[in-house]
Amino acid sequence: MADLPVNFESKVKSASLANGTGYPYRISATDLDRNFAYAALDAPDDWIEKSSVGIHNGRKLKLPPLPGSGTHVLGCVDGTVQWIETEEC
C-alpha cells in the first residue's frame, strides 16, 4: 500500500515550534485536503468493496481474480469485466 502524502502520526510526534503554532497543535487544512484527494476513489459503487487500511476502514476497487497463468488483458464481454486471454483478443 502506498503511503498517504501526509503522515499525521509522525507530524504529531515532531517537536513543536516555540511560538505554539504548527504541528502538533494545529493541523494544516492543505495537508488534510492532499490526503483526501489522494485517497478519493471515483468509481461506481458496485465496483468498490470495503477494505481496511491499517487500523482504519478503507475501500478498494473490485477486479476479477487474476488468472493463474498466461497473458491476459482486462476487458468487458457482454457487460461483464473479466480477464481475457490475449489469444482471444
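Looking only at region 35-45, filter to residues that are in a helix (DSSP H, G or I) and in contact (Cβ under 8 Å) with a residue 12 or more places away in the chain; which one of those is most open to solvent (accessible area, probe 1.4 Å)? Walk me through it before giving the result.
Taking region 35-45 as the starting set, the residues that turn out to be in a helix (DSSP H, G or I) are 35-39, 45.
So of that shortlist, the ones also in contact (Cβ under 8 Å) with a residue 12 or more places away in the chain come out as 35, 38-39.
Numbers: 35: 15, 38: 114, 39: 61 Å².
My answer is 38.
Among 52, 16, which is at pLDDT below 80 and not aromatic (Phe, Trp, Tyr)?
One residue alone meets the criteria, 16.
Just name the residue that is farthest from residue 82 (Cα to Cα) out of those in region 46-60 that are among the aliphatic types (A, V, I, L, M) and in a strand (DSSP E or B).
53
Under 6 Å by Cβ, and 6 or more places apart or on different chains, what pairs join a residue from region 64-75 that is without any contact (Cβ under 8 Å) to a residue 40 or more places away in the chain with one that is among the acidic types (Asp, Glu)?
Within 6 Å, the pairs are 70/85; 72/85.
Please pick out the residue among 74, 63 that is surrounded by 11 or more Cβ atoms within 10 Å (Cβ to Cβ) and part of a loop (DSSP other than H, G, I, E, B).
So the residue among 74, 63 that is surrounded by 11 or more Cβ atoms within 10 Å (Cβ to Cβ) and part of a loop (DSSP other than H, G, I, E, B) is 63.
Report yes if residue 6 is open to solvent by less than 100 Å² (accessible area, probe 1.4 Å) and either at pLDDT 85 or above or part of a loop (DSSP other than H, G, I, E, B) (or both), otherwise no.
yes
The values are calculated or read from the model by the stated rules, or taken from the named source; none is laboratory data. It should be emphasised that the depicted structure is a prediction, and the values quoted were computed from it without experimental measurement. Glycine also receives a Cβ, built like all others from the backbone with ideal geometry; neighbour counts cover every protein chain displayed. Please note that ligands, DNA and RNA were not included when accessible areas were found on the heavy atoms of the full protein model with its side chains. Shrake-Rupley method; radii C 1.70, N 1.55, O 1.52, S 1.80 Å.
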